[in-house]
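S.K.: Once you've had a glance at the structure underneath, I'll fire off some questions.
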Protein chains: 2
Amino acid sequence: MSIESKLSQFREISEKISAYKLALTTLNWDSSTIAPKKGAAYRNKMAALLAGELFSIETSPEFIVCIDELSTEALDEITASEIRQIKKGLDKARYIPKEVYVEFAQLTRDAENVWEKARDEQDYESFKPYLKKLIEMTKKVVSYRKDDRPVYDQLIDDFETGITLADYDVFFEKLKKDIVPLLHKVIDKNIPQPTWLKRIVPIQQQRQVVEILMEYLNYDKSSCYIGESAHPFSSHFSVHDNRVTVRYQEELFTSSIFALIHEVGHATYNGQVDEAYQGRMIEDSMSYGMHESQSRLYENMLGRSREFWSSIYPKVQSVVDALKDVSLDEFILGVNHVELSLVRIEADELTYPLHIMVRYEIEQGLFNGTLDVEGLDQVWSDKYQEYLGIRPPHNGLGILQDIHWSGGAFGYFPTYALGSAYSAQWMAAMRKEIDVDRCLENNDFRSVNEWLRENVHRHGGVYEPNQLLLSVTGEHFNPQYYIDYLKDKYSRLFDVGE
Amino acid sequence: MSIESKLSQFREISEKISAYKLALTTLNWDSSTIAPKKGAAYRNKMAALLAGELFSIETSPEFIVCIDELSTEALDEITASEIRQIKKGLDKARYIPKEVYVEFAQLTRDAENVWEKARDEQDYESFKPYLKKLIEMTKKVVSYRKDDRPVYDQLIDDFETGITLADYDVFFEKLKKDIVPLLHKVIDKNIPQPTWLKRIVPIQQQRQVVEILMEYLNYDKSSCYIGESAHPFSSHFSVHDNRVTVRYQEELFTSSIFALIHEVGHATYNGQVDEAYQGRMIEDSMSYGMHESQSRLYENMLGRSREFWSSIYPKVQSVVDALKDVSLDEFILGVNHVELSLVRIEADELTYPLHIMVRYEIEQGLFNGTLDVEGLDQVWSDKYQEYLGIRPPHNGLGILQDIHWSGGAFGYFPTYALGSAYSAQWMAAMRKEIDVDRCLENNDFRSVNEWLRENVHRHGGVYEPNQLLLSVTGEHFNPQYYIDYLKDKYSRLFDVGE
């Protein structure tokens with residue numbers, strides 16, 4: 001078969017895969033937003049059936065041969081990247097015996113049920129044997145790959161290609177050395193949470209704020225949509241169709257708003273990918289950490305800055321009664337308020353990475369043999385005590401709070417911290433080229449989006465994180481930007497000096 | 001292969017087909033309601049690709065052999081009906097050469113474009129050659145079937161199994177004889193359209209009316225959903241997931257509301273099908289006419305009656321400012337106001353069937369050779385003059401108003417009139433068993449739904465229309481019920497005697 005016919009076969013199957021993915025995305029979006037509850041069982045069954053059809057196509061001998069053959073050919077940069085990424089996935093999966101795969105899938109289904117009950121009953125002991133089994137099975141599954149690296153190194157690479165354990169070690173060491181002391185300095189100032197944060201804001205007023213924000217962020221309604229759901233998320237349909245959801249909570253106004261800004265960061269990333277990649281796997285194969293870097297950039301670096309709000313705050317005040325007597329400075333202090341917290345998903349910007357650090361150290365220990373599931377809940381609590389200065393009253397607010405491990409997702413957590421760290425590096429690079437603060441103050445968010453489009457977004461998933469960082473910022477991933485950003489921001493905000 | 005394995009193969013493929021259909025329904029719903037416009041081109045392309053996948057499964061040699069073999073087996077009533085219906089579809093399609101099929105598909109695509117332009121430019125001449133070609137191609141496509149009946153008889157049967165040209169002839173003769181004179185009597189009374197019908201009703205108030213109606217109609221939110229779209233429609237996802245859309249128009253309040261009641265009639269039908277049929281083709285293979293009978297029953301026979309509104313009208317008045325000074329009697333007269341009209345989709349209940357009669361007579365003439373496309377616009381206008389007493393000022397409001405013929409759908413229109421006629425027969429049967437008026441007045445719509453569920457809805461598409469009518473009402477389709485209903489209703493409403 002000529003290379004042209006191989007390529008055309010590849011494109012034909014790829015396009016079919018994209019069609020199934022769009023259908024599944026649409027079913028998913030529908031389920032999480034408006035679909036009537038009573039139809040869920042049937043809908044889920046049919047979606048699973050379609051997912052099975054997709055799986056059959058992705059793992060068909062025809063497609064595998066096609067990928068294997070193309071991987072030895074000289075291809076254009078984009079196609080080569082695509083083939084490389086698909087082949088990487090195939091190489092991880094192809095040697096796993098089917099019965100091992102099925103056993104692992106069954107284990108995660110069981111473990112998720114057990115975890116949910118264990119969390120509700122705050123009972124680590126009932127989850128413990130499953131956690132042990134999950135680690136063993138993960139090791140087993142990874143052992144079939146033709147890859148000599150230690151298991152956790154491979155897992156880390158699964159979730160963030162090219163980032164190594166050594167990178168993370170450097171990163172978390174810096175956090176421990178510089179951010180833990182900074183956090184304690186801030187906490188020692190005993191700044192009370194502003195009471196206005198708890199004021200009730202009617203949903204109708206929140207909707208108006210969303211309109212103001214959408215206009216400010218240049219979120220184009222003809223290629224985007226805002227829905228509502230129990231948990232905010234963003235969903236990528238195609239380059240010109242990206243959606244986010246908001247969860248309006250009367251008593252948690254700012255939290256609803258910042259979650260929305262976060263999701264719009266994700267949606268804008270997907271919406272600014274080069275149109276030429278539409279329908280190709282490269283369109284949305286960017287890494288977890290890279291995706292999170294754009295949402296965090298929006299939510300924190302830009303969204304929680306004084307400059308961001310300066311031009312729209314009067315408008316916001318005019319629609320939100322609860323902010324009438326809150327000055328812009330008070331607002332900024334409030335939305336950046338720091339508090340010791342036990343629960344990762346409720347953590348503020350400063351404490352968040354420390355929550356991740358705890359999980360990283362534990363995962364690393366579990367896979368290199370220095371930690372065991374026995375007594376792991378105590379290890380968890382000790383680490384919270386040490387880094388965050390607070391101890392979970394029970395395991396439901398401790399080791400059992402996250403679903404990830406029950407699904408076998410080890411190595412995923414660190415990408416959450418990476419996202420923020422990348423975003424500081426992007427921010428520093430952007431500041432060299434445009435006056436970000438001036439853009440924000442001048443209601444010129446378009447220039448910010450344009451910089452992001454040109455340097456980050458348009459590439460979709462063509463490049464690995466380190467490749468993209470190097471070509472744009474001149475360096476590989478460098479966590480120092482993030483450390484400096486946090487130190488600078490919080491020292492100034494809360495006047496704690498350095 | 002044993003009959004058990006054939007059946008299990010049949011069920012497996014059927015379930016897969018259902019999964020694709022659900023995905024396509026979801027994509028369609030999404031497109032017509034909230035999907036961002038700029039994503040349409042890509043989304044449509046992907047949906048077409050998936051539809052192609054579905055087509056491949058439905059026409060796979062494996063499935064065809066399975067159906068052919070099962071069609072000779074003794075099966076339970078439900079499965080037999082299912083196999084019979086699928087085989088009927090196969091028998092219509094299997095002998096058509098692929099190139100003829102492709103040519104016909106291309107022709108309809110072209111013709112729809114030409115029709116749209118012709119309608120906008122009120123230019124029948126440019127559409128005429130396409131109409132001629134569409135009729136020729138339809139005859140050609142039908143000629144491949146192993147069926148000796150005249151072409152139009154077959155087309156009629158395609159859209160409403162078991163209803164014959166003779167049935168329609170009797171039906172439309174009665175309409176001509178009894179309803180045309182009745183209409184003219186009503187029109188001669190020169191009753192002006194009540195001015196309150198044109199009052200502006202803010203969308204927020206209309207939403208509240210929808211809430212009142214949903215409660216009254218027992219439309220259960222956990223298995224239904226109301227969206228918004230440019231044209232109201234209902235969409236069937238599964239037994240426990242049926243949706244309708246409403247188009248809120250400030251200046252056309254009652255029209256928005258009755259369109260909604262119409263769609264809820266469709267949705268309730270699908271929502272009361274026996275759960276055991278879920279995911280089987282029988283679940284929603286009811287005929288067009290039968291489906292329309294339920295929406296018209298809701299919209300007209302029930303929805304435009306005084307009894308329907310009597311218990312909720314005070315509540316409606318309390319939320320709609322424009323109705324504050326409109327008494328219940330005035331409201332009922334207004335929503336049943338009769339006016340000579342040129343456009344089918346805007347017609348009132350009394351004139352509607354006459355619009356259909358015009359189309360039926362023309363279709364019949366085109367296929368039996370008594371009419372030709374030449375000068376057909378004049379034939380159209382003459383018939384409007386004769387039956388409706390009004391002549392289109394141009395062809396855009398005349399022969400070019402409907403999309404159907406450009407898509408090759410000849411024989412479809414008559415089912416619209418059939419729907420109303422069936423519904424009168426259902427209504428008469430229901431009145432023998434429950435006191436419908438009392439139920440409506442007592443806010444007991446549940447009993448009406450329950451009668452419909454037990455006698456009509458639960459059967460899904462198992463029975464042909466005549467079978468179902470016979471078993472429930474004791475007669476085959478009998479248009480006299482409809483004639484009597486219209487005569488009785490409109491004589492009394494407008495006091496025109498008989």
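S.K.: So which helices of chain A fit the span-like rule, where a helix is a whole DSSP H run, its Cα atoms reach 20 Å or more along the axis, and its mean Kyte-Doolittle is at least 0.5?
M.R.: For chain A, where a helix must reach 20 Å along its axis and average at least 0.5, there are no hits.
S.K.: Also, quick follow-up: Mind giving me the FRET efficiency for A:Lys221 and A:Glu275? R0 is 25 Å, r the Cβ-Cβ distance, nearest 0.05 is fine.
M.R.: 0.85
S.K.: What average count of beta carbons from other chains do you get within 10 Å of the Cβ of residues in A:22-30?
M.R.: Whole-number average of other-chain Cβ neighbours for A:22-30 is 6.
S.K.: Using unit Cβ charges (K, R positive; D, E negative) and no other charged atoms, how large, in debye to the nearest 20, is the dipole of the protein assembly as shown about its Cα centre?
M.R.: Roughly 380 debye, rounded to the nearest 20.
S.K.: What order do A:Ile17, A:Ile64 take when sorted by accessible area (1.4 Å probe), most exposed first?
M.R.: The ranking, largest first, comes out as A:Ile64, A:Ile17.
S.K.: Greater than 22 Å separation of Cα atoms is the criterion. Which listed pairs, B:Lys21/B:Lys87; A:Lys38/B:Lys45; B:Lys16/B:Lys38; A:Lys92/A:Lys133; B:Lys432/B:Lys489, meet it?
M.R.: Listed pairs above 22 Å: A:Lys38/B:Lys45; B:Lys16/B:Lys38.
S.K.: Please give the average number of partner chain Cβ atoms lying within 10 Å of the Cβ of each residue in A:230-241, rounded to a whole number.
M.R.: Neighbouring Cβ atoms belonging to other protein chains average 3 per residue here.
S.K.: From the label point of B:Arg145, set 7 Å along Cα to the beta carbon, how far off in nm is each other copy's matching point, shortest first?
M.R.: For B:Arg145, the inter-copy label distances come out at 5.8 nm.
S.K.: Here's something else I'd like to know. Between chains B and A, what is the buried accessible area summed over both chains (1.4 Å probe, protein heavy atoms, nearest 100 Å²)?
M.R.: For B against A, buried area totals roughly 3300 Å².
S.K.: For region A:254-412, give the magnitude of the charge dipole about the Cα centre (Cβ charges: +1 Lys/Arg, -1 Asp/Glu; no others), in debye to the nearest 20.
M.R.: Approximately 200 debye in magnitude.
S.K.: To the nearest 20 Debye, how big is the dipole of region A:116-221 about its Cα centre, given +1 on the beta carbon of each Lys and Arg and -1 on that of each Asp and Glu?
M.R.: 320
S.K.: So how exposed is B:His476, as accessible area in Å² (1.4 Å probe, rounded to 10)?
M.R.: Solvent-accessible area, nearest 10 Å²: 100 Å².
S.K.: Mind ordering A:153-159, B:411-417 by average Cβ neighbours within 10 Å, highest first?
M.R.: Put in order of decreasing packing, that is B:411-417, A:153-159.
S.K.: Restricting to DSSP loop positions (anything but H, G, I, E, B) with no more than 13 other Cβ atoms inside 10 Å of their own Cβ, which trypsin sites (Lys or Arg not before Pro) remain in region B:133-241?
M.R.: B:Lys146, B:Lys189, B:Lys221
S.K.: Shortest first and in nm with one decimal, please list how far the A:Leu252 label point sits from its counterparts in the other copies (point 7 Å along Cα→Cβ).
M.R.: A:Leu252 label point versus its equivalents elsewhere: 4.3 nm.
S.K.: Mind checking region A:366-471 for GluC sites (Glu not before Pro) that DSSP puts in a loop (not H, G, I, E or B) and that have at most 12 other Cβ atoms within 10 Å?
M.R.: A:Glu374
S.K.: Accessible area, 1.4 Å probe, largest first: how do A:Arg492, A:Arg149, B:Arg438 sort?
M.R.: Greatest to least solvent exposure: A:Arg492, B:Arg438, A:Arg149.
S.K.: Now for a separate question. What number, rounded to the nearest 500 deg cm²/dmol, is the helix-based mean residue ellipticity at 222 nm of chain A, given -39500 (n - 2.57) per DSSP H run of at least four residues and division by all its residues?
M.R.: -19000 deg cm²/dmol
S.K.: Just which residues of region B:33-52 lose 40 Å² or more accessible area with every protein chain there, against their chain alone, with the probe set to 1.4 Å?
M.R.: With the partner chains in place, region B:33-52 has these residues losing at least 40 Å²: B:Ile34, B:Pro36, B:Lys38, B:Tyr42, B:Met46, B:Leu49, B:Leu50.
S.K.: Are there any chymotrypsin sites (Phe, Trp or Tyr not before Pro) in region B:60-131 that are in a DSSP loop and have at most 14 other Cβ atoms within 10 Å? List them by number.
M.R.: B:Tyr95
S.K.: Please name which of A:Val210, A:Gln378, A:Gln278 has its Cα lying farthest along the dipole of region A:165-494 towards the positive end, using unit charges on Cβ (Lys, Arg +1; Asp, Glu -1) and the Cα centre as origin.
M.R.: A:Val210
S.K.: Rounded to whole angstrom, how close does the nearest chain B beta-carbon get to the axis mapping B onto A, and which residue is it?
M.R.: B:Ala23, 2
The values are calculated or read from the model by the stated rules, or taken from the named source; none is laboratory data. The model shown is predicted, which means the values in this text are computed figures rather than measured ones. Ideal geometry is used to build each Cβ from the backbone, glycine not excepted, and the neighbour counts take in all protein chains shown. Side chains included, ligands, DNA and RNA excluded: accessible areas come from the protein's heavy atoms. Shrake-Rupley method; radii C 1.70, N 1.55, O 1.52, S 1.80 Å.
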